[in-house]
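Down below is the structure, laid out as structure tokens.
The values are calculated or read from the model by the stated rules, or taken from the named source; none is laboratory data. Because the structure is predicted, anything quoted here is derived from the model rather than measured. Neighbour counts run over all protein chains shown; Cβ positions are idealised from the backbone, glycine included.
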Amino acid sequence: MIEELAGRIAELKSKKNAVILAHNYQRGEIQDIADFVGDSLGLSIAASKTKAKLIVFCGVYFMAETAKILDPDKKVIMPEVNAGCPMADMITAEGLKKLKAEHPQARVVCYVNSSAEVKAGSDICCTSANAVKVVNSIKDADEIIFVPDKYLGMYTQSKVKGKKFIFWEGYCPTHMRILPRDIEKQKAEHPAAKVVVHPECRPEVTALADEVLSTEGMINFAKKAEAREIIVGTEVGLLHRLRKENPGKTFYPASDLATCPNMKLTTLEKLLWSLEEERTEIIVPQAIADRARAAIQRMIEIGRQD
Ligand code: 13P
Ligand code: SF4
């Protein structure tokens with residue numbers, strides 16, 4: 001069944017000159033069929049560079065929207081357009097406008113997990129792979145409005161000197177499920193293991209980690225690490241790639257509860273339908289896209305920190 005679906009998808013993909021981009025949290029069978037699998041920053045860069053005519057985005061809405069903003073002349077489709085990011089939905093353009101009015105001297109850094117409208121109201125975007133580098137690149141302001149993830153914001157603040165941070169009350173419900181006691185339990189069971197966690201985790205969890213990294217940062221760490229065992233504090237979908245690319249190493253999820261339901265909505269069947277019918281197409285109004293693009297491109301120029 002999987003082979004048959006995969007075969008039909010591959011056939012249509014080459015017929016339509018399409019590329020499949022998938023986030024590291026997608027189902028294993030989606031990752032296996034994708035042309036590129038990566039974190040938010042890697043996917044943005046891949047979208048901006050592809051020569052394909054059609055981008056099929058397997059991830060959550062803000063990611064496909066970012067690809068469309070970067071590649072306005074290409075058709076970007078999502079097999080499951082209802083896959084949203086609850087954290088991205090925690091802030092609105094109006095809310096950000098109000099916060100900016102309260103802090104007129106501040107620069108706005110928005111996490112890529114945000115809508116096109118919020119990006120359009122921001123000075124620069126960031127991802128979990130470059131938030132510290134992005135904030136350090138801001139030389140003309142001491143105040144930083146960081147939206148919407150307060151935990152990524154707090155982690156970034158702990159690594160940056162001489163800036164005052166203003167946070168938004170946003171968070172990832174999936175990473176919130178990882179608790180300090182989960183890490184402590186895993187550490188007690190696997191004392192030789194290294195602990196890597198995502199900066200969306202609460203500060204009590206990042207405090208227990210050996211490394212705080214983006215999902216692609218974790219992939220790179222796992223490849224290079226001397227440790228044979230790694231405890232992974234992020235969404236469980238990342239374990240697919242970690243295990244596939246490091247057969248000699250053992251990976252333990254910090255918590256089996258850390259699953260993002262939206263990331264799992266995309267299936268092979270939906271991917272095939274979306275390629276057949278070329279839907280659902282992502283549309284971003286041009287004026288918003290142009291302003292959002294400036295914030296994303298500033299971030300891409302800065303590159304990775306992990
Ligand atoms: P990464 O950019 O690290 O892959 O994170 C994306 C995300 O949504 C984490 O929850
Ligand atoms: Fe959004 Fe969290 Fe899911 Fe990432 S894991 S897409 S931040 S809800």
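Here are the numbers:
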{"read-out": "Matching residues, region 45-76, being assigned to a helix (DSSP H, G or I), within 16 Å of ligand 2 (Cβ to nearest atom) and either at pLDDT below 95 or of a type in the set (Gly, Ala, Ser) (or both)", "value": "Ala64, Ala67"}
{"read-out": "Qualifying residue in region 86-96 (condition: hydrophobic (A, V, I, L, M, F, W, C), under 22 Å from Gln157 (Cβ atoms) and touching a Cys at 6+ places or on another chain (Cβ under 6 Å))", "value": "yes"}
{"read-out": "Checklist (1) under 22 Å from the mean Cα position of the chain (by Cα); (2) touching a residue at least 60 places away in the same chain (Cβ under 8 Å); (3) away from ligand 1 (no atom under 16 Å from the Cβ); (4) over 22 Å from Ile219 (Cα atoms) applied to Ile20, failing item", "value": "(4)"}
{"read-out": "All positions within region 155-205 that are of a type in the set (S, T, N, Q), buried (at least 16 other Cβ atoms within 10 Å of the Cβ) and either modelled with pLDDT under 95 or away from ligand 1 (no atom under 16 Å from the Cβ) (or both)", "value": "Gln157, Gln186"}
{"read-out": "Count - residues of region 89-117 that are within 16 Å of ligand 1 (Cβ to nearest atom) and under 20 Å from Ile45 (Cα atoms)", "value": "7"}
{"read-out": "Checking Glu184 against (1) within 20 Å of Gln26 (Cα to Cα); (2) touching a residue at least 12 places away in the same chain (Cβ under 8 Å), the condition it does not meet", "value": "(1)"}
{"read-out": "Matching residues in region 251-280 - criterion: being without any contact (Cβ under 8 Å) to a residue 24 or more places away in the chain and over 21 Å from the mean Cα position of the chain (by Cα)", "value": "Glu277"}
{"read-out": "Number of positions in region 2-44 that are away from ligand 2 (no atom under 16 Å from the Cβ) and within 19 Å of Ile300 (Cβ to Cβ)", "value": "2"}
{"read-out": "Residue match in region 153-162 (condition: in contact with a His (Cβ under 9 Å, 6 or more places away or on another chain) and either in a strand (DSSP E or B) or not aromatic (Phe, Trp, Tyr) (or both))", "value": "no"}
{"read-out": "Unmet criterion (only one of (1) buried (at least 19 other Cβ atoms within 10 Å of the Cβ); (2) over 24 Å from Gly42 (Cα atoms); (3) among the acidic types (Asp, Glu)) for Glu235", "value": "(2)"}
{"read-out": "Selected residue (criterion: farthest from the chain's Cα centre (by Cα)) from residues of region 205-250 that are hydroxyl-bearing (Ser, Thr, Tyr) and farther than 21 Å from Glu29 by Cα", "value": "Thr206"}
{"read-out": "Tally of residues being crowded, with 24+ Cβ neighbours inside 10 Å, in contact with a Pro (Cβ under 8 Å, 6 or more places away or on another chain) and under 16 Å from Cys172 (Cα atoms) across region 54-87", "value": "1"}
{"read-out": "Answer from Asp149, Asp123, Asp140 - the residue that is charged (D, E, K, R), over 26 Å from Glu281 (Cβ atoms) and buried (at least 24 other Cβ atoms within 10 Å of the Cβ)", "value": "Asp149"}
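This table checks each residue for (1) out of contact with any strand residue (DSSP E or B) (no Cβ under 8 Å at 6 or more places or on another chain); (2) at pLDDT 95 or above; (3) within 16 Å of ligand 2 (Cβ to nearest atom).
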| residue | (1), (2), (3) |
| --- | --- |
| His240 | yes, yes, yes |
| Arg243 | no, yes, no |
| Thr250 | no, yes, no |
| Asp256 | yes, yes, yes |
| Asn262 | yes, yes, yes |
| Ser274 | no, yes, no |
| Arg279 | no, yes, no |
| Pro285 | yes, yes, no |
| Ile288 | yes, yes, no |
